[in-house]
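The values are calculated or read from the model by the stated rules, or taken from the named source; none is laboratory data. Values in this document were obtained by computation on a predicted structure and should not be read as measured data. Note that we place each Cβ from the backbone using ideal geometry, even for glycine, and neighbour counts take in every protein chain shown. For the accessible areas, the whole protein counts, side chains as well, though only heavy atoms, and no ligand, DNA or RNA atoms are used. Shrake-Rupley method; radii C 1.70, N 1.55, O 1.52, S 1.80 Å.
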Amino acid sequence: MDVVLSGHTHAFTNAYLENAGQNPVLVTQAYSYGRAFADVDIVIDPPLTGEVTHTSARIVPAYRNGTSPPDPEALALLEACEAAVEPLTARVITTTSTEITRLQTDAGESALGNLVADSQRAAMGADIAFVTTGSLRAEIAKGGNVTRGGDLYAVQPFSSTVLSMTLTGEQVRNVLERQWEAPLPPPHNLAVSGLTYTFDERKPAGDRIVDIRVNGTLLDPNGSYTAAMVDFLATGGDKYAVFREGTNIVNGPYDVDALVAYMESLPEPVDAKPEGGRIAKAGQGVI
């Protein structure tokens with residue numbers, strides 16, 4: 001691999017990073033949403049080896065200044081597309097009485113994380129569910145109508161597939177412990193559904209989980225549990241590689257469809273709040 005065009009963090013990157021063989025690899029990232037592009041130069045030596053002998057890049061903004069007018073043809077296409085999908089995106093799914101936010105308790109639990117995890121567990125009829133909190137990209141506004149496109153699609157704008165897999169109890173514990181993996185933990189913690197757990201930050205990484213219960217019953221390390229999540233997590237996304245060990249994978253709906261169906265099933269108006277018991281810190285009671 002000679003050049004990596006990355007896009008996950010929506011930030012600027014233009015650097016040479018060493019791979020596992022201590023060889024420099026050019027890694028670029030041109031911000032996000034078309035605000036810039038990576039102008040990459042690659043020199044190849046075809047007469048001799050066909051190998052890449054030089055790489056370099058510039059991250060070039062895609063606009064002149066803040067007052068540049070939009071391209072008329074591109075604007076017309078955008079408006080036509082918005083009009084075509086409006087009957088779907090503007091469809092009212094439910095109503096809420098309060099804002100459903102990503103704001104986490106001191107233990108790492110949030111109302112939105114709980115809601116999305118519940119929707120995926122319900123979609124797959126699974127025992128438990130996991131959601132990386134980095135996938136929650138917007139909040140559901142306070143009070144009023146909740147639309148499919150303007151609200152729920154904004155929460156999860158990825159069209160990821162929800163699936164289920166079978167995990168042992170020990171694998172479930174390992175997944176939760178991975179949140180504090182040393183020296184570099186995953187970038188985002190996990191929202192959960194169907195299980196509760198308590199952790200102790202005073203213990204060393206890899207041994208912080210002191211209690212796990214599935215639907216109120218102590219986790220059986222040798223037991224089998226069906227776990228729902230999106231395909232990004234299932235393939236080890238956000239460094240949760242334990243999920244690659246899952247078996248009996250069954251594919252389900254897209255993430256936004258699972259959330260729509262679940263929201264429609266709840267009594268109106270929806271009033272989701274952190275339960276304060278799914279995730280708790282040892283020594284501090286329920287946070």
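When the range 207-235 is filtered for residues that are among the small types (Gly, Ala, Ser), on the phi < 0 side of the Ramachandran plot and either surrounded by fewer than 13 Cβ atoms within 10 Å (Cβ to Cβ) or touching a Leu at 6+ places or on another chain (Cβ under 8 Å) (or both), the ones remaining, listed by number, are Ser224, Ala227, Ala228, Ala234. Considering each of Arg173, Arg213, Arg148 in turn, give the residue that is in contact with a strand residue (DSSP E or B) (Cβ under 7 Å, 6 or more places away or on another chain) and modelled with pLDDT under 95. Of the residues listed, the single one that is in contact with a strand residue (DSSP E or B) (Cβ under 7 Å, 6 or more places away or on another chain) and modelled with pLDDT under 95 is Arg148. Would you point out the residue of the range 41-60, among those that are in a strand (DSSP E or B) and open to solvent by less than 80 Å² (accessible area, probe 1.4 Å), that is farthest from Val4 (Cα to Cα)? Step by step, filter the range 41-60, then rank; the result is Asp45. Being touching a Lys or Arg at 6+ places or on another chain (Cβ under 9 Å), open to solvent by 60 Å² or more (accessible area, probe 1.4 Å) and of a type outside the set (Gly, Ala, Ser) holds for only one residue in Leu88, Leu78, Leu112, and it is Leu88. Just to be sure, is Thr28 touching a residue at least 40 places away in the same chain (Cβ under 8 Å), assigned to a strand (DSSP E or B) and touching a Leu at 6+ places or on another chain (Cβ under 6 Å)? No.
Considering only the range 102-115, I want to know if a residue exists there that is in a loop (DSSP other than H, G, I, E, B), over 22 Å from Ile212 (Cβ atoms) and touching a helix residue (DSSP H, G or I) at 6+ places or on another chain (Cβ under 9 Å). Scanning the range 102-115 turns up at least one residue that is in a loop (DSSP other than H, G, I, E, B), over 22 Å from Ile212 (Cβ atoms) and touching a helix residue (DSSP H, G or I) at 6+ places or on another chain (Cβ under 9 Å). From the list Ala241, Ala258, the lone residue that is on the phi < 0 side of the Ramachandran plot and open to solvent by less than 20 Å² (accessible area, probe 1.4 Å) is Ala258. Just one residue in the set Ala38, Ala83 is at pLDDT 95 or above and either open to solvent by 90 Å² or more (accessible area, probe 1.4 Å) or within 25 Å of Asp238 (Cα to Cα) (or both); that residue is Ala38. For Pro204, the criteria (1) in contact (Cβ under 8 Å) with a residue 40 or more places away in the chain; (2) open to solvent by 20 Å² or more (accessible area, probe 1.4 Å); (3) not small (Gly, Ala, Ser) hold in every case but one, which is (1). Taking (1) under 24 Å from Ile249 (Cβ atoms); (2) under 13 Å from the mean Cα position of the chain (by Cα); (3) not in a loop (DSSP other than H, G, I, E, B) in turn, Ser159 satisfies each apart from (3).
Every residue, every condition in (1) of a type outside the set (A, V, I, L, M); (2) more than 18 Å from the chain's Cα centre (by Cα), yes or no:
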{"residue": "Thr235", "(1), (2)": "yes, no"}
{"residue": "Leu259", "(1), (2)": "no, no"}
{"residue": "Ser265", "(1), (2)": "yes, yes"}
{"residue": "Pro274", "(1), (2)": "yes, yes"}
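Taking the conditions (1) farther than 30 Å from Gly150 by Cα; (2) touching a Ser or Thr at 6+ places or on another chain (Cβ under 7 Å) in turn, Ala241 satisfies each one other than (2).
Among the residues of the range 149-199, those identified as open to solvent by 50 Å² or more (accessible area, probe 1.4 Å) and of a type in the set (Gly, Ala, Ser) are Gly150, Ser159, Ala182.
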